[in-house]
Amino acid sequence: MVHCTRTLAAGARCLQIQQLLRWGSAHLYRSGIESSWSEACWLWEAAGGGPAWRMDRRGVPPTHITIRFRRLVDARCRRVPLAYLTRRVGFMDLELAVRPGVFVPRPETEELAEMALTLLSTLPKTPRILDLGTGSGAIACAVANTRRDARVLAVDAAPRALACARTNVRRLGLSAQIEVRRSDWFSEVDGRFNLITANPPYISTNELSTLEPEVRQYEPRSALAAGEDGLAEFRRILAGLPFHLVHGGHALLEIGHMQARGALALANGMPGLVESKVHNDIGGRARILAIRWM
Ligand SMILES: C[S@@+](CC[C@H](N)C(=O)[O-])C[C@H]1O[C@@H](n2cnc3c(N)ncnc32)[C@H](O)[C@@H]1O
C-alpha cells in the first residue's frame, strides 16, 4: 500500500482521471474492499472531482484533487468507513450527513422505518413519535419526511450524534416536526407517544471482537456495546415503555438476529403488554421486535 502510494505520488501530476480511478480501485481491492470500483468513484466525488460516471476520464485533474483523492483512498484502505469519508449516506429516499463519532445508518434499519410508516398509516392524525438513540436522526427523518403531520422527539445521549441529527433535521426542512434532545433514554422525556422506535446498541461483549474493522475500530462503542448478552440497553428501554406509550401505543425495537428469544422473553414479562412479535428482515433474520401496549 505504502509502496503504491509513493508510486502514485511521483507521477501524480500527469495521471488521467481513469488512471487514478484504476489505481484507487486496485488499492481498495487489495485492502479487502469488494466493491472497489464504485467506492473509488464515490471517493473521487468526495475529493471534489465530480461524479466519475459523468465525466471525461481522459482529462488530467488539478493536483489538489489528486492529492485529496489519494488521502481518501489511503484512509479507506485503513478501513475507515466509506460514509465517514464521503460524509453522507443514503437512508430510504434521503441523503443524510454523517461524521466520525456517529453511527452509520444501516439498510436493515430502513425496514424498521418502513414498518413504522405502515403502522402510522393506521393511526389518527398528528401522531406523536419518540425515536430513542436517534444517532444521525435516520429513523426520525425518514418517518417525519413521509408522514408530514407526525411530531417526533428524537433523543440521544451522545453530543456528536445530537449535532449530526440537528444538521440533518435542518437540511431536510424538518425542524417544525422534529425536536432533537439530549437524554439518557427516557431521562429527559415527558409524556406519552403513539409510537416509540429504537435501534439501540445490541452487540454482546463476545461479539464485539468479531465485527468488521470498519465497525470495531471506527464506529462509537457507545452505539454498539450492550453488555454480556447484548440486551442491557434493551432492558432499560423496555422498563421505560409503560410510562411513555399511550394506551394502544406501539414500539418497534431493532434487535440482533440471535436475540429474538431473549428479547421476546423480556418483552412478555412487561406489565400491560397486549402483543409482542418478532419480524424477520428480507434475509429471513429476526430483526425487529414489535410491541403493542394495552
Ligand atoms: C445503533 S445506534 C442507532 C442510531 C440510529 N437510530 C440508526 O439507526 O442509525 C444507537 C444509538 O443509541 C445511542 N445511545 C446509546 N446509549 C444511549 C442512552 N443511554 N441514551 C440515549 N441514547 C443512547 C447512541 O449514541 C447511538 O446513537
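Every number here is computed from the coordinates shown, using simple stated rules; none is lab data. All values derive from a computational prediction rather than experimental measurement. Every residue, glycine as well, gets a Cβ built from its backbone with ideal geometry; the counts of neighbours run over all protein chains shown.
The table below lists the values:
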read-out: Those trypsin sites (Lys or Arg not before Pro) in the range 169-243 that DSSP places in a loop and that have at most 16 other beta carbons within 10 Å; value: ARG192
read-out: Estimated distance in nm for a label pair at LEU117 and GLN16, the labels positioned 7 Å out from Cα along Cα-to-Cβ; value: 4.3
read-out: Neighbour-count order for LYS125, LYS277, fewest beta carbons within 10 angstrom listed first; value: LYS125, LYS277
read-out: Least to most buried among MET55, MET294 (fewest other Cβ within 10 Å first); value: MET294, MET55
read-out: Contour minus Cα-Cα distance for ARG216 and ALA163 (0.36 nm per residue); value: 16.8 nm
read-out: Over the chain: helical MRE at 222 nm, DSSP H runs n ≥ 4 each giving -39500 (n - 2.57), nearest 500; value: -11500 deg cm²/dmol
read-out: Unit charges at the beta carbon, dipole of the chain: most positive-side option, ASN145, THR205, ALA97; value: ALA97
read-out: Dipole in debye (nearest 20) - the range 219-271, about Cα centre, beta carbon charges: Lys, Arg +1; Asp, Glu -1; value: 140
read-out: Distant-in-sequence amide H partners of ILE255 (H built 1.01 Å from N, under 5 Å); value: ILE288, LEU289
read-out: Coarse-grained scattering of the chain at q = 0.07, 0.09, 0.14 Å⁻¹, given as base-10 log I(q)/I(0) from a Debye sum over alpha-carbon atoms; value: -0.31, -0.50, -1.00
read-out: Antiparallel bridges, percent of DSSP beta bridges restricted to the chain (to nearest 5); value: 45
read-out: Spatial separation of Cα centroids for the range 68-111 and the range 114-145, in angstrom; value: 23
read-out: Interchain or long-range residues, amide H under 5 Å from GLY249's placed H; value: TRP293
read-out: ³J(HN,Hα) computed for each position of the range 275-292 - Karplus, 6.51 cos²θ - 1.76 cosθ + 1.60, integer Hz, glycine/proline x; value: 8, 9, 8, 9, 10, 8, 7, 5, x, x, 9, 4, 9, 10, 9, 9, 10, 10
read-out: Hz values of 3J(HN,Hα) by residue in the range 141-155 - Karplus curve (6.51, -1.76, 1.60), Gly and Pro given as x; value: 5, 4, 6, 5, 5, 8, 9, 6, 8, 6, 10, 10, 9, 10, 10
read-out: Proximal charge balance of ARG182 [Cβ under 10 Å; K/R count +1, D/E count -1]; value: -2
read-out: Evaluated over the range 68-197, the Cα radius of gyration and Dmax, each in Å; value: 15.3, 53
read-out: Exposure proxy order (Cβ contacts within 10 Å, fewest to most) of GLU39, GLU214; value: GLU214, GLU39
read-out: For ASP131, distant residues with modelled amide H under 5 Å away; value: LEU153, ALA154, VAL155, THR197
read-out: Efficiency of FRET from Cβ geometry, ARG58 and GLU95, R₀ 41 Å, rounded to 0.05; value: 0.90
read-out: Proximal charge balance of GLY249 [Cβ under 13 Å; K/R count +1, D/E count -1]; value: +2
